[in-house]
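Each remark here refers to the structure printed beneath this line.
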Amino acid sequence: MERLLIAAPMSDTRQTSREMITDKGPVTLRSFCGPDEILAFEFDDSFTRFAQYDPIISSKKSLAQKAQEPDANVTLAFLPGKSAIIGFAVLAYPDPDERWVRVGEKVMMEVRGIEVSRPWRGCGLAGALVELLIDHPLAEDRIIYMVGYSWTWDLEGMPAMKYRDMMIRLFSHFGFQVFQTNEPNVMMHPENLFMARIGENIAEETVRRFKMVRFNMD
C-alpha cells in the first residue's frame with residue numbers, strides 16, 4: 001500500500017516521494033535524489049559485507065556520482081526518521097565506450113543497478129523502486145535497458161536461472177522485454193540477460209538501429 005507524501009518543495013521538481021507500508025513497517029521511496037541528499041544518508045552494510053556476489057554499486061559515493069550525470073534518476077528507499085539507505089535503483093546514460101551509445105545520442109538509458117538490503121527483501125521494494133525509476137519525463141523518448149550479469153547477483157540459496165526468471169517477471173511488469181544480443185558479457189553465462197523497454201516516441205528507424213547494434217551489425 002502506498003500513499004503520496006505531501007512534502008516541502010524539493011530541489012529537483014521531478015522528485016517524487018512515496019510512503020510504502022510493508023510487513024516490516026513503513027518505508028519512504030524517493031526519486032531523483034541529489035548528491036548532497038545521498039551523501040547525508042548512511043549506506044546499509046548489507047550491500048557490501050557479503051562475499052558471494054559483486055554488486056555494481058557498493059557505496060553511497062558511487063550513487064552520488066551517478067546523481068550528478070545529466071537526466072540521471074537515483075531512487076532511494078529508506079526508513080522514515082532513519083538515515084540508512086535500505087534500497088536503491090539507478091537510471092543513467094551508458095558509458096561512452098559502450099556499444100549502446102551507437103544507437104543514437106541520448107537514446108539509450110540503462111538501469112545501472114537495483115538493490116534491496118537483505119533484511120528487507122520480499123517486501124515489494126524492488127518493484128516500487130523500478131516504478132519510480134522509470135517514472136521519468138523522458139521515458140517515452142528513450143530505450144531503457146537493463147543487463148543482468150549473474151556475478152553481480154546475490155544468489156545465496158537461489159539457483160541462477162531462478163533468479164533470472166525473477167528478474168524477468170519484475171521488469172516485464174513495467175513493459176520490458178527480453179532481447180537477444182551478442183554482447184560478450186551477456187553471452188558468457190546462459191543465465192545472463194538483456195531486457196529493454198522501448199518508449200512510445202521512439203522512431204521505427206531507431207528501433208531498427210537498436211537491433212543492428214545489439215548484434216554489432218551497424
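The values are calculated or read from the model by the stated rules, or taken from the named source; none is laboratory data. Because the structure is a prediction, the values reported are computed rather than measured. Using ideal geometry, Cβ is built from the backbone for each residue, glycine included, and neighbour counts are taken over all protein chains shown.
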Of Leu76, Leu132, which residue is closer than 25 Å to Lys24 by Cβ, part of a strand (DSSP E or B) and at pLDDT 95 or above?
Leu76
Do we have Thr22 as modelled with pLDDT of 80 or more, under 12 Å from Ala77 (Cβ atoms), surrounded by 17 or more Cβ atoms within 10 Å (Cβ to Cβ) and touching a Leu at 6+ places or on another chain (Cβ under 8 Å) here?
no
Scan (1) over 16 Å from the mean Cα position of the chain (by Cα); (2) modelled with pLDDT under 95 for the single condition Asp154 breaks and write down its number.
(1)
If you scan the stretch 74-120, which residues turn out to be of a type in the set (S, T, N, Q) and touching a helix residue (DSSP H, G or I) at 6+ places or on another chain (Cβ under 6 Å)?
Thr75, Ser117
Give the number of residues within the stretch 168-202 that are without any contact (Cβ under 8 Å) to a residue 60 or more places away in the chain and either assigned to a strand (DSSP E or B) or hydroxyl-bearing (Ser, Thr, Tyr) (or both).
9
All conditions in (1) closer than 22 Å to Pro35 by Cβ; (2) not in a strand (DSSP E or B) are true of Pro119 except (1)
Those residues of the stretch 66-84 which are more than 15 Å from the chain's Cα centre (by Cα) and over 20 Å from Thr13 (Cβ atoms), in sequence order:
Phe78, Leu79, Pro80, Gly81, Lys82, Ser83, Ala84
